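Remarks on the structure that follows.
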Amino acid sequence: MRLSLFVTAALFAGLAGWLYAHMNRFVSPSPFDVRASIEYLLMAVAGGLGQLAGALVGAALVLKNGLQDVLPMLTQRAGQLEAVAFAALFILLLHFARGGVMGLLRRWTRRRGGAQGVSRHDAPPVDPLPHRKLPTRGTQVLSVNGAVKRFGGLVAVNDVSFDVKAGEIVGLIGPNGAGKSTMFNLLTCTLPMSAGQVRFLDHDIAGMPQRQVARLGLARTFQHVKLRPHMSLLDNVALGAHSRTRSGILKAGLRLDRTEENQILQEAQRQLDRIGLGDRAHELAGSLPLGTQRILEIARALAADPVLLVLDEPAAGLRRKEKMALGDLLRKLREEGVTILIVEHDMDFVMKLVDRLVVMNFGSKLVEGVPSAVRADERVQAAYLGSVV
Ligand code: ADP
Ligand code: MG
């Protein structure tokens, strides 16, 4: 997606160059010197990065360049001072208004809007996005077979195999550095495997690109939160529904897909309501505490309508009450037929939640079984408390 956007931007720049040459009948390097680059940068920063209106406002401000009118009134040597004044303005802007003029304006309107309590996405209702048919309870959803991952000399995951069946919550536990996150990265194809197979539904997914795996119905969250902090909660969650849409980049870019866009936003709002953040849809994701950002990632994963939900330490950084709410949400998902694979350190939380546990230690699978059996297992106790032999 980024590559397509980059190419599109380059295309526009090329078009502008062509128009410029057409107008002047002559092209020399001098209009494209360092100063021009600085001006473009200034336009973007002054207007507000990442906002359409920001680009327009910034370009208007810089091109109009009020300094050329104002400075001569103040001093004789206006030409020399212009660069200094520009620099000073730039510094002030970066210091006091990182988001540029539009950022300031937005913050101001949000504050007023927030006071009036309009922080939901309330467009007229549209047909919901189609749902995937979930596999029947008990059929095999995921099967990991002899997974190996080597980082140079370090074997982070060593010949691990396990299965996950539809409608189960399976916990993956083990001490720090046991290889749990690496295992998750292997089975979601975030990292390539050194050896082994992963079967998801009816597909061999090892080596598949991540986006294709996501499209099959495998959604995940990350141990280190990966959100877009400068986008709203609603937009962050809407990103998750990307794989369920049909309009391509051209149709979406020209805004010919309003119905689908509304469907996505409605779905995003539904997922936000589900995790209890529905009334904060238009706040920025970066303004949330870290624990809540994790929960937001779950909503984004749910927006993809997953068959299997893979969660890496979702309860880390949550308070007791929030943890209980998360537990309730996950149980409700299980009732709906979603399969869940979870890494979590809070033993109390995991033991009460999961149907089955897989324990890893030093990259290998140590034990597999129901929570009570795992809790009683001596090898597991030794792994957690240090060897007592
Ligand atoms: P866990 O999630 O169980 O705490 P990880 O899967 O994050 O453990 O890490 C397992 C081991 O692999 C650790 O020793 C870690 O240092 C190592 N490791 C993880 N990712 C990388 C990487 N990208 N490069 C090198 N070593 C890594
Ligand atoms: Mg980890």
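The values are calculated or read from the model by the stated rules, or taken from the named source; none is laboratory data. Since this is a predicted model, take the numbers as computed values, not measurements. No Cβ is skipped: glycine too gets one built from the backbone with ideal geometry, and neighbour counts run over all protein chains shown.
Restricting attention to the range 339-352, and to residues there that are more than 16 Å from ligand 1 (Cβ to nearest atom) and buried (at least 21 other Cβ atoms within 10 Å of the Cβ), which single residue is modelled with the lowest pLDDT?
My answer is Phe349.
List the residue pairs whose Cβ atoms are under 8 Å apart, where the first residue sits in the range 329-342 and is touching a residue at least 60 places away in the same chain (Cβ under 8 Å), the second is of a type in the set (Lys, Arg), and the two are 6 or more positions apart or on different chains.
Once the first residue is touching a residue at least 60 places away in the same chain (Cβ under 8 Å) and sits in the range 329-342, its partners that are of a type in the set (Lys, Arg) give Gly337/Arg137; Thr339/Lys165; Ile340/Arg334.
So, in the range 155-184, of the ones that are among the polar types (S, T, N, Q) and over 27 Å from the mean Cα position of the chain (by Cα), which residue ends up surrounded by the fewest Cβ atoms within 10 Å (Cβ to Cβ)?
Going through the qualifying residues, I end up with Ser161.
What number of residues within the range 347-389 are closer than 10 Å to Gly174 by Cβ and assigned to a helix (DSSP H, G or I)?
3
Considering only residues that are surrounded by 15 or more Cβ atoms within 10 Å (Cβ to Cβ) and in a loop (DSSP other than H, G, I, E, B), which ones fall in the range 195-216?
Leu201, Ile205, Ala206, Met208
Within the range 210-230, how many residues are within 15 Å of ligand 1 (Cβ to nearest atom) and within 19 Å of Val338 (Cβ to Cβ)?
3
Would you pick out the residues in the range 1-40 that are small (Gly, Ala, Ser) and modelled with pLDDT of 85 or more?
Ser4, Ala9, Ala10, Ala13, Gly14, Ala16, Gly17, Ala21, Ser28
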